[in-house]
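One structure is given here, and the rest of the page talks about it.
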Amino acid sequence: MRTISLLLFFGMISSLYSQKTDLEKSVAALKIEIRQAENEERLILLDSLSALIQNKKEFEYDSIVRTTIDLAIEMDNPEIAAKNTSNLIFYLSNRVGRPKEALTLFKDYVANRKLPKDNEILANLYLNGADSHYYSGKIDESIEIYKISEEYALTAGDSITYGAAKEYRSDAYARLGFFTEASILLQEAEDIYFAIKDTTRLILTQNSRANLYSQIGFFKEAEEERNEVIKMAAHSKYYPALISALYNAAIDNYKTGDISGRIENLNEALRYTRESVEFVDLYEPRLLNRLLEAYSKADSLHKARAVLNEIQKIPERNTTGVFKDMYLLGLANYYLANDDLNNALSKGTEFLENKLPTKNFEDILVGHELLFRVNEALGNSKEAFYHYKEFDKIQDSIRSVQKAQALSYYQTLYESEKRDATIRSQNAEIDLLDTKNKVQFQWMFIIALVLLGAGAFYYFNSRKNKQEAEIARNKRTLTEMKNDMLNKEIEYKKKDLVDFAFNISQNQKWAKVLAEKLEKMKAATGRVRAKKLDELEKEIKNKIWVDDSSYDFHNRVEMLSRAFYEKLTKRYPDLTKTEIRLCSLIRMNIENKEIAILQNIEPSSVKKSRYRLRKKLNLDHEEDLDDFLQSF
């Protein structure tokens, strides 16, 4: 068995070497032809060479493709110029981690160069241009450019680029927190890939869906989706999806505190990166820096030192550009693990200062958490407390955002269900129309044959009755579907509002309890501590966000209850806006205590308001206000 394995191994190496040798020979032969050619022939040969070595850094792709672009512009060939510019933008953004350079190239080309008439080339040019915006942090701008790519792809009939533009636009919306839009676009992209039977791209969309789950805190669902992606991508050796899925799994491991799982997934991603060859420069620096951080946090200092040595072998690749901050974070954690606290503080501070302008809350959170640990180890209690407060504040914000994102996700499920119900409804209407057409045809046939005998008449009359019964059944089905769809819509939105009201009340209760505790503590302390506690008290009270949230809540109540409002005010025109809102809250089964919080009044005032409301509605003593409003 060992002999067979060795033979297979050497056979594979021989095959790879043979392929590499063949490519080198082809490249060398083309270069000789290019040196001897002129004008149009030279351009065509350069275009062929650029395609042959596309994305291959070892063959100086960057330099050769730029030469091709310059000659194409000089010879007024916008098709070849735009196609190669698009490929170069992709290479810079997606392969070597230089998106800002790609962004400048795209903007300059679109603004100053003659664009081709080929819609397929334009679709890819704008797709890669949008990527350069996305990876440069200009997410809003990328969305608009992805839309342009979609329009060109649709005109060209290019299904792959059309689906890709939707998929990447979905990623952009997700990064901005618009998860309903992201999920709908992702579904549209999946439908396109399914129609053209593109299994590879379906794997990518499944990976994107796993990331959506992760961003709203559904880590279990994300893991299930991602494990399927990893299994399929490993089987087909589809490295972009495989490496990306493993890397994202490691991010989730970090969020859930699974250090060993994170290290395992990072090492697996690194193994496939090196196996792929093509993606080494893109992924290896990222994975090595993350492993340095992970091993340092796990106190595996020997392994961390070995990874650091690997990183520092190629510093210009591994520690600069988009990888600089990852290196700073890994190095700061390494120094902290080795009790080199001053260097840990220096690198950690530099990391946080670089991240603050980006407004990337997750990276800023990591920076504050790191500096809290470093300052605590140094005995800098004031600085440690500051970073802990910032960490805690951002973490609370992220949790609040995740709650909102979860609501968006459920809203997406509702939209999908509503859409499916609409489709079923439309199908029922089609069936209904088909049935009517059949009946009309059969009636004509009956009239034509009625002269042939009463027996035939009775036969077809019987058929008519059956068809009319079928029409009646279809009508009932259609009505039931529409009613069911409406009921589901109301239930989803009512659940959303009730949950929202509960969150408002819980936040205020939390803040009031803390404020009361601090009030008691102030009475038992000295001046200096009392002053600090007073500042902390004000900070906590600032977190009582009930006023703004209540305003948003009442707006949403009014949107949901618009028909109810109109009916109520028409019948009882003397009701005030506050009384109408109270009617809506009672109708939603919200308790008096919660209503008091939402309206910023005492619970006793709610009881008085209910009493006045009963009088205005002319209710008898035996009539229940809640039941009356529920049935209104």
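The values are calculated or read from the model by the stated rules, or taken from the named source; none is laboratory data. Predicted model only: the values in this text are computed from it and were never measured. Here the Cβ is made from the backbone with ideal geometry for all residues, glycine too, and neighbour counts use every protein chain on show.
Odds and ends about this structure:
- Helices (runs of 4 or more DSSP H) completely within the stretch 298-337 that count 1 or more residues being modelled with pLDDT of 95 or more and surrounded by 14 or more Cβ atoms within 10 Å (Cβ to Cβ): 301-313, 324-337
- Qualifying residue in the stretch 169-180 (condition: among the polar types (S, T, N, Q), more than 14 Å from the chain's Cα centre (by Cα) and buried (at least 22 other Cβ atoms within 10 Å of the Cβ)): no
- Test result for Gly217, touching a residue at least 40 places away in the same chain (Cβ under 8 Å), touching a helix residue (DSSP H, G or I) at 6+ places or on another chain (Cβ under 8 Å) and not assigned by TED's automatic domain parsing to the domain that holds Asn94: yes
- Restricting Ser26, Ser50 to residues that are under 23 Å from Asp281 (Cα atoms), modelled with pLDDT under 95, small (Gly, Ala, Ser) and part of a helix (DSSP H, G or I) narrows the list to Ser50.
- For the stretch 239-285, a residue qualifies if it is among the hydroxyl-bearing types (Ser, Thr, Tyr) and touching a Leu at 6+ places or on another chain (Cβ under 9 Å), and the qualifying residues are Ser244, Tyr247, Tyr272, Thr273, Ser276, Tyr283.
- Listed by first and then second residue, the pairs with beta-carbon distance under 6 Å, at least 6 apart or on different chains, first residue in the stretch 74-99 and closer than 12 Å to Gly129 by Cβ, second among the charged types (D, E, K, R) and crowded, with 24+ Cβ neighbours inside 10 Å, are Ser93/Asp131.
- Flag for Leu115 being surrounded by fewer than 21 Cβ atoms within 10 Å (Cβ to Cβ) and among the aliphatic types (A, V, I, L, M): yes
- Exactly one residue among Tyr134, Tyr91 is of a type outside the set (Gly, Ala, Ser) and either surrounded by 21 or more Cβ atoms within 10 Å (Cβ to Cβ) or not in a helix (DSSP H, G or I) (or both), and that residue is Tyr134.
- If you filter the stretch 139-162 down to residues that are small (Gly, Ala, Ser) and more than 16 Å from the chain's Cα centre (by Cα), you find that the one that is modelled with the highest pLDDT is Ser149.
- Selection from the stretch 136-171 of residues that are in contact with a Gly (Cβ under 9 Å, 6 or more places away or on another chain) and among the aliphatic types (A, V, I, L, M): Ile145, Ile148, Ala153
- Residue match in the stretch 565-577 (condition: at pLDDT below 85, farther than 30 Å from Lys382 by Cβ and crowded, with 17+ Cβ neighbours inside 10 Å): yes
- Scanning the stretch 583-603 for residues that are touching an Asp or Glu at 6+ places or on another chain (Cβ under 7 Å) and touching a residue at least 60 places away in the same chain (Cβ under 8 Å) returns no hits.
- Test: Ser136 is modelled with pLDDT of 95 or more, polar (S, T, N, Q) and in the same structural domain as Arg95 (by TED's automatic domain parsing): no
- Conditions (1) on the phi < 0 side of the Ramachandran plot; (2) surrounded by fewer than 23 Cβ atoms within 10 Å (Cβ to Cβ); (3) of a type in the set (Val, Ile, Thr): number failed by Val277: (1)
- Screening Ala234 with (1) of a type in the set (A, V, I, L, M, F, W, C); (2) without any contact (Cβ under 8 Å) to a residue 40 or more places away in the chain; (3) surrounded by fewer than 18 Cβ atoms within 10 Å (Cβ to Cβ); (4) more than 27 Å from Tyr272 (Cα to Cα) gives one miss only, at (4).
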